[in-house]
Each structure stands twice: as C-alpha cells, then as structure tokens.
Amino acid sequence: MMLKTKQSLPQIRDPFQSLMGHFFGDALGDLYAASTPSDHTPRTNISETDQAYELAFELPGFEESDLHVELHDHTLTVTAERRDDRADDDDGDESGRRWHRVEHRYGAHTRAVAMPKDAADDGVEAVYKAGVLTVTVPKQAAAKPARIEVRGA
C-alpha cells in the first residue's frame, strides 16, 4: 500500500492582520523609527507612561561593558558588540579545537529609535538585567501657556 504524503501549502498572510498592520503601522512609524529587525538588530519593546518612555532591548549574552547607549537629536541609539574569539586558522585554533558549526552572531548589533519631541535629553537611565537592556527616557514637562494680564489704559 502506498501512502501519500501531505504537501504543505505556502502560508498566506491573514488579511485582518495585514489590514491592522497597515492601519497602525503608519501611525506608529511616525512616533518610533519603524524598522524590521534584522539579524544584527536587537528586538525592542516600547511602552509609555505619563512620565517616561521605556524601551526594552533583547541583548542576551552580552556584558555590560559591551553595551553603549546614546541619545542625540531625539534619536536613541543602542549598540552592543560581540567579538569573535575564534582563530582565523581553518585547521583549528591554539587549543587544538576545530570548529564544525558557528551560529553565534558576532559584530555590532545596533538599533536606533527616533524619540518623540517631548522626550527629555537628561535623566535617561539604562539598566541591563537577564539579557534585557531597559532604557527609560523621561518626558519633558508640558509647556504651559503663559497667562498675560490685560490692563485698562
């Protein structure tokens, strides 16, 4: 008896998901630098409270000294660098180790996020814990309209 194997069909994008992404993608893209994460771009969660913006970057396996955070011209840039410690020799390294597969990503991992105009330049905090870098950017105090007293002539 011959068994037929079930052939998998290509996945079709859910039209509702596509519609929601199209609807919300434009609005969020103006507030945050919307980009599709690449292999060297850390995945990021962005949230907001009344007092601050909080950005959480997935950066597992890095040391704190490998992380660099900068806020310049309302753009928050996070860079993490992982050095490749393998020897360039194809026959093996000094310890006699031969590499059969290397899937760890090496080099600079960078993500830049455009911050809204009300993000403050000072008071930014960055905390690295359990492979997640959390950056908190406070909001500037809302500008209040100046009340001008009208006097009679």
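Bear in mind that the values in this text are calculations on the coordinates, not laboratory data. For clarity, every value in this text was computed on a predicted model and none was experimentally measured. Every residue, glycine as well, gets a Cβ built from its backbone with ideal geometry; the counts of neighbours run over all protein chains shown.
Computed quantities for the displayed model
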{"read-out": "Residue list for segment 53-83, filter: without any contact (Cβ under 8 Å) to a residue 60 or more places away in the chain and either in a loop (DSSP other than H, G, I, E, B) or closer than 28 Å to Ala141 by Cβ (or both)", "value": "Glu63, Glu70, His72, Asp73, His74, Thr75, Thr77, Val78, Arg83"}
{"read-out": "Among (1) under 17 Å from Glu70 (Cβ atoms); (2) outside any strand (DSSP E or B); (3) in contact (Cβ under 8 Å) with a residue 60 or more places away in the chain - the single one Arg105 does not satisfy", "value": "(1)"}
{"read-out": "Of all residues making up segment 120-140, the number that are more than 15 Å from Glu48 (Cα to Cα) and free of Cβ contacts under 8 Å to residues at least 40 places away in the same chain", "value": "5"}
{"read-out": "The listed residue being in a loop (DSSP other than H, G, I, E, B), touching a residue at least 12 places away in the same chain (Cβ under 8 Å) and either surrounded by 15 or more Cβ atoms within 10 Å (Cβ to Cβ) or basic (Lys, Arg) (or both), out of Arg86, Arg98", "value": "Arg86"}
